[in-house]
Amino acid sequence: MTEKLVLAGKEFDSRLIIGTGKFASAQALSDAAQASGAQIATLAVKRVDIKHGRDDIVAPLKDLGITLMPNTSGARDAREAVFAARLSREALGTDWVKVEVHPDQKYLLPDPVETYKACKELAADGFKVFAYCSADPCLCKALEEAGVCAVMPLGAPIGSARGLETLPFLKIIIKESKVPVVVDAGIGAPSDAAKAFELGAAAVMVNTAIAAARDPVAMAAAFNKACAAGREAYEAGLADSVESARATSPMELFLSEAMK
Amino acid sequence: MQIMFNQEPVELTAPLSLQDFLSQHGIQAAGTACAVNEEIVPKSQWSDFMLAEGMKLDVFSLVAGG
Amino acid sequence: MSFFDEISQIDVDKFAPLVESRTDADVERALSKDDNLDLNDFAALISEKARVHYLRDMAYKSMTLTRRRFGRTVNMYLPLYLTNLCSNRCRYCGFSTANKFPRTVLTLPEIEEECQAINKMGYENILLVSGENERRAGMPYFREVLPIVKKYAAFLQMEVQPLSTEDYAELKTLGLDAVSVYQETYHPGCYKENHLAGKKMDMRWRMETPDRLGQAGIDKVGIGALLGLYDWKVDVMAVAMHVLYMRRNYWKTRLSVSFPRLRPAAGGFQPHTPVTDSKMVQLICAFRIFDHELDLTISTRESADFRDMIIPLGITAVSAGSSTEPGGYAHKGKYLEQWTVNDDRSVDEVVAALHKNNLEAVFHDASTTYFKAV
């Protein structure tokens, strides 16, 4: 049994967060979510479409016992992100929000300034903020100080499936962060997810890699296993990881003395 | 009277509460949030909130996406 | 060109200012390299700057490298003193001819008895130690001793007087696996001052021993300097240079580095530049980072507490329950010890201490029994 994930004071067994976009149908999403074992899913806030109607996904996800994390996708600046967050709080009665601000429509890369502003305001307003951002260690520290519950640095641009392109920076962020680090965006294969856990990530978020797979349900199950494997390996203590976490206090004392 | 509903003009034959408007359009309260003139109207006030001429009503719900 | 020829071309005293002049940047550069560290890097790793600013980083890196290369095991070996008879006069040693005390050379039955006692302790890795005396403990003696000891030792090591290449080749057929020969000091002046009589006065002969061992095809060679005899900066750098030389010239030979620190002995010799505990820690870590494959050993010269702290950092072989007097296992206290054992815990106590540090004591080196010479 690996350690539980704790986000915003809530405990979870699964460390895989699933994104709900790009699925063929609500049923397809629901099936994949179940196979993934995910206990957290992100959703967007959009104007209702009376003419065409959209399958409700809120109820099926809730039936699976999944905690909903609304996001602010579509927001192009802090003001829109804050607005979207308040809408979703009103709509769902949850104060969880994933802040994502990407004015850039081509690569969907997050705007650091607007993200920071939105996170700061929302955190002050009592939201449990999960900040989607670029893998910038300084930015992540600033977001942490602004009061976010977790940082979500990207592995690679959304939907690119290029894996952990930002690996060197993720390592730094994970090492320096006092809040959980959720690697989000760009994860293309289960091995990418496993790698993120081996580095010490608290959780990963996957959307496109599952939704766009030939068989999303099977892929979701594969990700489920990869996340578990990666985290188990991390907790077992990889042979080439620095043993600092396992050092005994007598050793620490001894070395401190020896350095005087 | 005319209001804007999700950025499209809509004719209302008589004054209407926000709650009634939503019911008429088959919009459930669960998972839904409303803003009038870009200000959020809390769910608790929907029954009392009367729509008026020229108001811009935006109704949002939680959907798949991210 | 032997190693003696190579090192004779330089002024080893220059190693000291080299070490002293290393900066934080030099240390960081050394620590950032995965491999192919050179002598300049090593100098940085043993510098004071490294100790004060980077020792913790070095310790963790050393621990990680050791676990990765060697796993969580520590090899157990035991010294068996064949003689305390020595024809050298070394100023720092209890066995010096200048010291008057009863001398002995163990007889074959006495050796057999010692081996039985050693096996009872659980050991199969035996290090034969003798004073240096060609007449009474030379090749004829060794020719008789090795076959007896080999019955009891899966791994057989020797720390005796330097022998010729042919002698080593012959001993190899009798089951010799490894030889240790510590240069004591690589500084010619200091070497001359401290070795006043006997064949050990010949610095070249001694220093070329690892060369001859490599040429004879002996599996493992142990080198080291007597820390504190001269300025340790000079000697430790020379050992590192010797490591590089052996790796370059005898790639099939396994290498071991030991860290004998001057301790009290009959004669009351005082160290020239004492090596502090924290420096010892640093040296061990430095060697591990410098060369990942080295066997690093410490003996019971060091105290129990100190050994427990440093073993997890990078040590791969230790002795325990040791005696430094001939016949000390079957009949303790009859003869003079070469040096005072500081960690006098029993084998079981040391094994338990290793377990506490999540390390396993290995008495049987599985890899060598496959190719037993006898």
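The values are calculated or read from the model by the stated rules, or taken from the named source; none is laboratory data. No experiment lies behind these values; they were computed from the predicted model shown. In this analysis, Cβ positions are derived from the backbone assuming ideal geometry, glycine residues included, and neighbour counts consider all displayed protein chains.
Which residue out of C:69, C:22 is under 26 Å from residue A:254 (Cα atoms) and assigned to a loop (DSSP other than H, G, I, E, B)?
On the way: C:69 fails: assigned to a loop (DSSP other than H, G, I, E, B).
That would be C:22, the only listed residue that is under 26 Å from residue A:254 (Cα atoms) and assigned to a loop (DSSP other than H, G, I, E, B).
Output the residue which, of all residues in the range B:50-66 that are assigned to a loop (DSSP other than H, G, I, E, B) and in contact with a strand residue (DSSP E or B) (Cβ under 6 Å, 6 or more places away or on another chain), is farthest from residue A:45 (Cα to Cα). Even if it seems obvious, please write down each step before you answer.
Of all residues in the range B:50-66, those assigned to a loop (DSSP other than H, G, I, E, B) come to B:52-55, B:64-66.
Now restrict to residues that are in contact with a strand residue (DSSP E or B) (Cβ under 6 Å, 6 or more places away or on another chain): B:55, B:65-66.
Details: B:55: 21, B:65: 8, B:66: 9 Å.
Here the answer is B:55.
Based on what the data block shows, is residue C:49 over 21 Å from residue C:293 (Cα atoms) and surrounded by fewer than 15 Cβ atoms within 10 Å (Cβ to Cβ)? First the steps, then the outcome.
Values: over 21 Å from residue C:293 (Cα atoms): yes; surrounded by fewer than 15 Cβ atoms within 10 Å (Cβ to Cβ): no.
Here the answer is no, as residue C:49 does not meet what is asked.
Suppose the filter is surrounded by fewer than 21 Cβ atoms within 10 Å (Cβ to Cβ) and either touching a Ser or Thr at 6+ places or on another chain (Cβ under 8 Å) or over 30 Å from residue C:204 (Cβ atoms) (or both); does residue C:23 pass it? Break it down into steps so the answer makes sense when it comes.
Values: surrounded by fewer than 21 Cβ atoms within 10 Å (Cβ to Cβ): yes; either touching a Ser or Thr at 6+ places or on another chain (Cβ under 8 Å) or over 30 Å from residue C:204 (Cβ atoms) (or both): yes.
Yes, satisfied.
Within the range C:176-184, does at least one residue satisfy the condition of being surrounded by fewer than 22 Cβ atoms within 10 Å (Cβ to Cβ), over 19 Å from the mean Cα position of the chain (by Cα), closer than 26 Å to residue C:11 by Cα and at pLDDT 95 or above?
No, the conditions are met nowhere in the range C:176-184.
Restricting the range A:1-54 to residues that are in contact (Cβ under 8 Å) with a residue 60 or more places away in the chain, among the charged types (D, E, K, R) and not in a helix (DSSP H, G or I), which is surrounded by the most Cβ atoms within 10 Å (Cβ to Cβ)?
In this case the residue turns out to be A:15.
Mind listing just one residue for me: the one in the range C:276-322 that is within 21 Å of residue C:30 (Cβ to Cβ), more than 14 Å from chain A (Cβ to nearest Cβ) and not hydrophobic (A, V, I, L, M, F, W, C) and, of those, surrounded by the fewest Cβ atoms within 10 Å (Cβ to Cβ)?
Applying the filter and picking the extreme gives C:293.
When the range C:325-344 is examined, which residues are found to be touching a Lys or Arg at 6+ places or on another chain (Cβ under 9 Å), crowded, with 18+ Cβ neighbours inside 10 Å and at pLDDT 85 or above?
Across the range C:325-344, the qualifying residues are C:325, C:326, C:327, C:328, C:329, C:343.
Answer yes or no as to whether residue A:79 is within 14 Å of another protein chain (Cβ to nearest Cβ), charged (D, E, K, R) and assigned to a helix (DSSP H, G or I). Working first, answer last.
Numbers: within 14 Å of another protein chain (Cβ to nearest Cβ): yes; charged (D, E, K, R): yes; assigned to a helix (DSSP H, G or I): yes.
Taking the combined requirement at face value, the residue satisfies it.
So if I check each of C:3, C:15, which one is hydrophobic (A, V, I, L, M, F, W, C) and out of contact with any His (no Cβ under 9 Å at 6 or more places or on another chain)?
On the way: C:3 fails: out of contact with any His (no Cβ under 9 Å at 6 or more places or on another chain).
The match here is C:15.
(1) charged (D, E, K, R); (2) touching a strand residue (DSSP E or B) at 6+ places or on another chain (Cβ under 9 Å); (3) within 13 Å of chain B (Cβ to nearest Cβ): which one isn't true of residue A:128, the others all being true?
Every condition holds for residue A:128 apart from (3).
Count, please, the residues in the range A:82-114 that happen to be facing chain B (nearest Cβ under 9 Å) and farther than 16 Å from residue A:134 by Cβ. Can you show your working first?
Just the residues of the range A:82-114 that are facing chain B (nearest Cβ under 9 Å), to begin with: A:83-84, A:86-93, A:98, A:100.
Filter again for farther than 16 Å from residue A:134 by Cβ, leaving A:83-84, A:86-93.
Going through the range A:82-114 one residue at a time, the tally reaches 10.
For the range B:16-49, which residues satisfy the criterion of being within 15 Å of residue A:46 (Cα to Cα) and in a loop (DSSP other than H, G, I, E, B)?
Result: B:27, B:28, B:29, B:30, B:31, B:38.
Filter the range A:22-37 down to the residues that are within 21 Å of the chain's Cα centre (by Cα) and more than 11 Å from chain B (Cβ to nearest Cβ) and list them by number. Give the steps one after another, and end with the answer.
Step one: list which residues in the range A:22-37 are within 21 Å of the chain's Cα centre (by Cα), which gives A:22-23, A:29-37.
Result: A:31, A:32, A:34, A:35, A:36, A:37.
Collect the residues in the range A:84-108 that are in contact (Cβ under 8 Å) with a residue 24 or more places away in the chain and not in a helix (DSSP H, G or I), keeping them in residue-number order.
Those that are in contact (Cβ under 8 Å) with a residue 24 or more places away in the chain and not in a helix (DSSP H, G or I): A:94, A:95, A:96, A:97, A:98, A:99, A:100, A:101, A:102, A:103, A:107, A:108.
Scanning the range C:55-69 for residues that are of a type outside the set (A, V, I, L, M, F, W, C), closer than 17 Å to residue A:238 by Cβ and within 7 Å of chain A (Cβ to nearest Cβ), which turns out surrounded by the fewest Cβ atoms within 10 Å (Cβ to Cβ)?
For the range C:55-69, the residue satisfying everything is C:68.
Looking only at the range A:158-168, filter to residues that are modelled with pLDDT under 95 and crowded, with 19+ Cβ neighbours inside 10 Å; which one of those is nearest to residue A:188 (Cα to Cα)?
A:163
Inside the range B:36-49, can you point out the residues that are surrounded by 12 or more Cβ atoms within 10 Å (Cβ to Cβ) and either in contact with a strand residue (DSSP E or B) (Cβ under 8 Å, 6 or more places away or on another chain) or of a type in the set (D, E, K, R) (or both)?
B:36, B:40, B:41, B:43, B:46, B:49
Which residues, counting only those in the range B:30-56, are facing another protein chain (nearest Cβ under 10 Å) and among the hydrophobic types (A, V, I, L, M, F, W, C)?
Within the range B:30-56, B:30, B:33, B:34, B:35, B:40, B:41 qualify.
Hey, any hits in the range A:226-235 for a residue that's within 13 Å of another protein chain (Cβ to nearest Cβ), in contact with a Pro (Cβ under 8 Å, 6 or more places away or on another chain) and crowded, with 23+ Cβ neighbours inside 10 Å? Break it down into steps so the answer makes sense when it comes.
Step one: list which residues in the range A:226-235 are within 13 Å of another protein chain (Cβ to nearest Cβ), which gives none.
No.
How many residues are closer than 10 Å to residue A:64 by Cβ and either more than 12 Å from chain B (Cβ to nearest Cβ) or in contact with a Phe, Trp or Tyr (Cβ under 8 Å, 6 or more places away or on another chain) (or both) if we restrict to the range A:38-48?
The qualifying residues number 2.
Taking the options A:125, A:111, A:95, A:192, name whichever one is touching a Pro at 6+ places or on another chain (Cβ under 9 Å) and of a type in the set (D, E, K, R). Steps first, please.
Working: A:125 fails: touching a Pro at 6+ places or on another chain (Cβ under 9 Å); A:95 fails: touching a Pro at 6+ places or on another chain (Cβ under 9 Å); A:192 fails: touching a Pro at 6+ places or on another chain (Cβ under 9 Å).
Checking each option against the conditions leaves just A:111.
With the condition being in contact with a Leu (Cβ under 7 Å, 6 or more places away or on another chain) and not charged (D, E, K, R), I'd like the strands (runs of 3 or more DSSP E) fully within the range A:143-260 carrying at least 2 qualifying residues. Before you say what the answer is, go through the steps one by one.
Numbers: elements: A:150-153, A:182-184, A:203-206.
By residue number, A:150-153, A:203-206.
Kindly establish whether residue A:189 is aliphatic (A, V, I, L, M), buried (at least 21 other Cβ atoms within 10 Å of the Cβ) and closer than 25 Å to residue A:13 by Cα. Spell out how you get there, then give the answer.
Numbers: aliphatic (A, V, I, L, M): yes; buried (at least 21 other Cβ atoms within 10 Å of the Cβ): no; closer than 25 Å to residue A:13 by Cα: yes.
When the stated conditions are applied, residue A:189 does not pass them.
Which ones in the range A:109-142 are in a helix (DSSP H, G or I) and among the aromatic types (Phe, Trp, Tyr)? Step through it out loud before you land on a result.
Of the residues in the range A:109-142, the ones in a helix (DSSP H, G or I) are A:112-124, A:137-142.
A:116 - this is the single residue of the range A:109-142 that is in a helix (DSSP H, G or I) and among the aromatic types (Phe, Trp, Tyr).
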